[in-house]
1. Check the chain and count each lysine pair with an alpha-carbon distance under 29 angstrom, considering only pairs eight or more places apart or from different chains.
2. About its Cα centre, how strong a charge dipole does the chain have in debye, to the nearest 20, once Lys and Arg get +1 and Asp and Glu get -1 at the Cβ?
3. Write down the Kirkwood hydrodynamic radius of the range 22-114, to one decimal in angstroms, obtained as one divided by the mean of 1/r over all alpha carbon pairs.
4. Among 151-159, 273-281, how do they line up from the highest to the lowest mean number of other beta-carbon atoms within 10 Å?
5. Taking R0 as 35 Å, what FRET efficiency do you get between residue 377 and residue 61 from their Cβ-Cβ distance, rounded to the nearest 0.05?
6. When only C-alpha pairs under 8 Å and at least 6 residues apart count, what is the relative contact order of the chain, in percent?
7. Ignoring ligands, DNA and RNA, what accessible area per residue does the range 126-218 give at 1.4 Å, in Å²?
8. For the chain, give the share of DSSP beta bridges that are antiparallel, in percent and rounded to the nearest 5; count only bridges with both residues there.
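The values are calculated or read from the model by the stated rules, or taken from the named source; none is laboratory data. Here the structure is a predicted model, which is why all the values come from computation and not from measurement. So basically every Cβ, Gly included, is an ideal-geometry build from the backbone, and we count neighbours across all protein chains shown. Note: accessible area is taken over every heavy atom of the protein model, side chains too, but ligands, DNA and RNA are not part of it. Shrake-Rupley method; radii C 1.70, N 1.55, O 1.52, S 1.80 Å.
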Amino acid sequence: MLQPIVHVLGARPNFVKAAPVISALRDAEQTVIHTGQHYDERMSEIFFRELGLPEPDVNLEVGSGSHAAQTAAIMIGLEPEFTKRSPGLVIVYGDVNSTIAAALVAAKMGIPVAHVEAGLRSFDMTMPEEVNRRLTDQLSDLCFVTSPEAIGHLADEGVSVDRVYFVGNPMIDTLMKNLDTFDTARVRAAYELPDRYVLATLHRPANVDSPRVGAELVRRLHEIADLTDLIIPLHPRGRSVLMAAGLDDHPRLRVLDPLGYIDFIAAVRGAAAVVTDSGGIQEETTILGVPCLTVRPNTERPITITHGTNRLVTLGELVPAARKALANGANGANGAGGIGSAGGAVGVGLGGGAAARRIPPLWDGQAGPRIAEVVMRYLSG
Ligand code: UD1
């Protein structure tokens, strides 16, 4: 009889990554603990429903707080759960506060840790996620890697190669599994979207916490809305600063509540371009073939630039880059994304001249089964 597995999930991107792993491990004894880092219906429950995730066995309901308060509350909540369940492995996902909190508690209790999406690095320690990633990898017995360069990053930090498994990208498993449900016509009708629009999502502290940066961002978004309709499903984090800066004070800019997974990806698929500071959306647009302008000085996902549609832009570069992406018309109003051409080289023409777009290696919808196979072998000793 194998020891049980505990999955710790906390925030929106975790749910999308965990769904294929939990599904592939369905024959094992597994428990899902939700830390409650994200708690709004539209940031959490809707993802569990749409992705077919099992109802969490436990919800710690930690809610929001400073980094120290939130991380500490998760740790305090997890310790008795791990004691009670004696897992043979704790699986953590991505780079959020729930990830490092769970890895730290498990490691101190002598419980092995598996990290899904290990080895990504922005080399920017001002990002809380970079701190979480680096420390989680040091504490992990199994490092599941989505992208080849992550293997080198882990080696550089002294992580032994026999802990590292290049398995592909479970977020892309979820995308591929649900591909038929991303109906751009339905979502356009449901939200009364125009034929041609840019979709923006912005929530990084560096972009939305300061009123000064927030005001400049809003000015740039209004300039994009002068070019074409702009829709913004707004993360709760940015709401107060961006709305105070007059975000929705433009006739062609629409602010929406956060969308569920299916509607969100359908809206991305139908967009002429995406403006974002998210990590996962850089990957999803790469597969869907939608031009992606990432408002950040760096990315921990460079493969989305070398293989995909992503481009890093400063606030000063954002509007010219959007103009160019719209002029190139890589993704027409009917949302003909690039997924149909997966595997081949496709011109997407971002940032001048047609760049060769290739699907990153092992982003083939099979990461979940690969992870499950390694986990089952590990638990069998
Ligand atoms: C977290 C992750 C970030 C990830 C993002 C995806 C960390 C350090 N950051 O950022 O990497 O990209 O999730 O969404 O873990 N809030 C609500 N309702 C919710 C959740 C949050 O209103 O359900 C508001 C609260 O005001 C909260 C703020 O959003 O204070 C920030 O939430 P938090 O979980 O601390 O970080 P995120 O910005 O969501």
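1. Numbers: 17/84; 17/108; 17/177; 84/108.
So the count works out to 4.
2. Result for the chain is approximately 640 debye, rounded to the nearest 20.
3. Over the range 22-114, the inverse of the mean reciprocal pair distance is 13.8 Å.
4. Details: 151-159: 14.7, 273-281: 24.3.
Top to bottom by mean Cβ count within 10 Å: 273-281, 151-159.
5. For R0 = 35 Å, the calculated efficiency reads 0.50.
6. Averaging sequence separation for qualifying contacts and normalising by length gives 16 percent for the chain.
7. Solvent-accessible surface per residue comes out at 41 Å².
8. Rounded to the nearest five, the antiparallel share is 5 percent.
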